[in-house]
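Everything below concerns the one structure shown next.
The values are calculated or read from the model by the stated rules, or taken from the named source; none is laboratory data. Keep in mind that what you see is a predicted model, and the values were worked out from it rather than measured. Ideal geometry is used to build each Cβ from the backbone, glycine not excepted, and the neighbour counts take in all protein chains shown.
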Amino acid sequence: MRFPNRFWLGWLVNMPFADIVGHDRIIEIFRRSIRSGKTPHAYIFEGPAGCGRRKTALALIQALYCREVADDACGVCGSCRKVAGGNHGDIHFIEPLPEKRDISIAQLRDIQRELALRPYEAPRKACIMEPADRMNVNSANSFLKTLEEPPGNAIIILLTENADMLLPTIRSRCQLVRFAPLSPECVRLLLEKSGMDAAAAALMAQLADGSMQRAMELESEGLTARRELLVKHLEGLTLKRVITIFDASEQVGGNREETLETLDMLLSFARDMVFLSAGCSDIINTTIRTSLEKMVSNMNLKRTLQLADDILETRRSVQRNANVKLALDHLFMRIAGAAEA
């Protein structure tokens, strides 16, 4: 069964375990289970969107299907190429139908029939369900028997952001694997590997909350251009011309979500300013080093630390539904005052 385009978009052609970044402990557990021949028949992969759950699920299936390597996938044999291409006949994917919120009983009955058939070429059939928490009570109950005793030694992997949203009877029949958010360093490396320049990758990685999906969304939203606009306004802030403060909050604010992203950028700048004030040159925003050095030239370490606290407190206020424009006005006044004190 071919995977939906939404599921496949953006992943690498080959998916051996070596391509999985940031989840070494999980991969080692899978390697051991494959070597021992005791891979569980049902898993729940829990973790935030964009942390690598899907890619790891496919890498596990690819490794189970590959006959060339004992505990991994070679990435080049016919089976590996079919898994990577999304057209392996023994892998089935379940998601809510278009225009539907939940995964239906009919879909689960269809997959139960598919799993009961002999595999076309693989040693066992496989099923990936995402998001698994879209099973309602009736459809989940209809799937219990399949999870408990998958036909033909099939492997079933349920993907969810929160395992607690699944019925206890579902959870008790699966082995839970928890995926942590990716570290900023992992996100940066993956973005650079995808072709993004180093400066943009460093910025996206700091704001992506450990999610490659979020990093890609930020890139499509023109975050780099927004950063350049923010730096331009920061360099022009002065209490001698209050209009510079009002213009800045007007142009870089936007809606609440965009404002939170702007404040996250400011926190990243503040982190670098603290480092520069302390005499450390190891900063994240290397492409605007000159601007940051100019901003900290009149500040001591205590003042830059206070500035970081001011930005963090403003972010909390915006999260608590404070007026976005007024919150930014107040923050930019404090930034201008700190630079001129």
* Structure fact -> Only one of (1) touching a Gly at 6+ places or on another chain (Cβ under 9 Å); (2) closer than 18 Å to LEU203 by Cα does not apply to PHE275, and that is (1)
* Among the listed residues LYS82, LYS55, which satisfies the condition of being touching a helix residue (DSSP H, G or I) at 6+ places or on another chain (Cβ under 9 Å), under 19 Å from GLU130 (Cβ atoms), basic (Lys, Arg) and part of a helix (DSSP H, G or I)? -> LYS55
* Asked: Conditions: (1) without any contact (Cβ under 8 Å) to a residue 24 or more places away in the chain; (2) at positive phi. CYS77 meets all but one. Number of the miss?
  -> (2)
* Asked: Is it the case that some residue within segment 205-216 is free of Cβ contacts under 8 Å to residues at least 60 places away in the same chain, not in a strand (DSSP E or B) and not assigned by TED's automatic domain parsing to the domain that holds GLU46?
  -> yes
* Of LEU331, LEU276, which residue is crowded, with 17+ Cβ neighbours inside 10 Å, in contact with a Lys or Arg (Cβ under 9 Å, 6 or more places away or on another chain) and farther than 19 Å from LEU218 by Cβ? -> LEU276
* **Leading residue by the ranking (surrounded by the most Cβ atoms within 10 Å (Cβ to Cβ)) among those in segment 280-296 that are out of contact with any Leu (no Cβ under 9 Å at 6 or more places or on another chain) and either at pLDDT below 85 or within 23 Å of PRO184 (Cα to Cα) (or both)** => ILE288
* Asked: Do we have LEU182 as surrounded by 15 or more Cβ atoms within 10 Å (Cβ to Cβ), under 23 Å from the mean Cα position of the chain (by Cα) and within 28 Å of MET216 (Cα to Cα) here?
  -> yes
* Return the residue satisfying two criteria in turn: it lies in segment 159-175 and is in a loop (DSSP other than H, G, I, E, B) and of a type in the set (D, E, K, R), and of such residues it is nearest to GLU46 (Cα to Cα). => GLU161
* Structure fact -> Restricting attention to segment 265-294, the residues that are of a type in the set (Gly, Ala, Ser), closer than 22 Å to THR314 by Cα and part of a loop (DSSP other than H, G, I, E, B) number exactly 0
* Within segment 271-327, track down each residue that is over 26 Å from ALA199 (Cα atoms) and of a type in the set (A, V, I, L, M). => VAL318, ALA322, VAL324, LEU326, ALA327
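Out of ILE111, ILE105, ILE128, I need the residue that is modelled with pLDDT of 90 or more, farther than 26 Å from ALA18 by Cα, crowded, with 18+ Cβ neighbours inside 10 Å and of a type in the set (Val, Ile, Thr). Which one?
On the way: ILE105 fails: crowded, with 18+ Cβ neighbours inside 10 Å; ILE128 fails: farther than 26 Å from ALA18 by Cα.
Result of the check over ILE111, ILE105, ILE128: ILE111.
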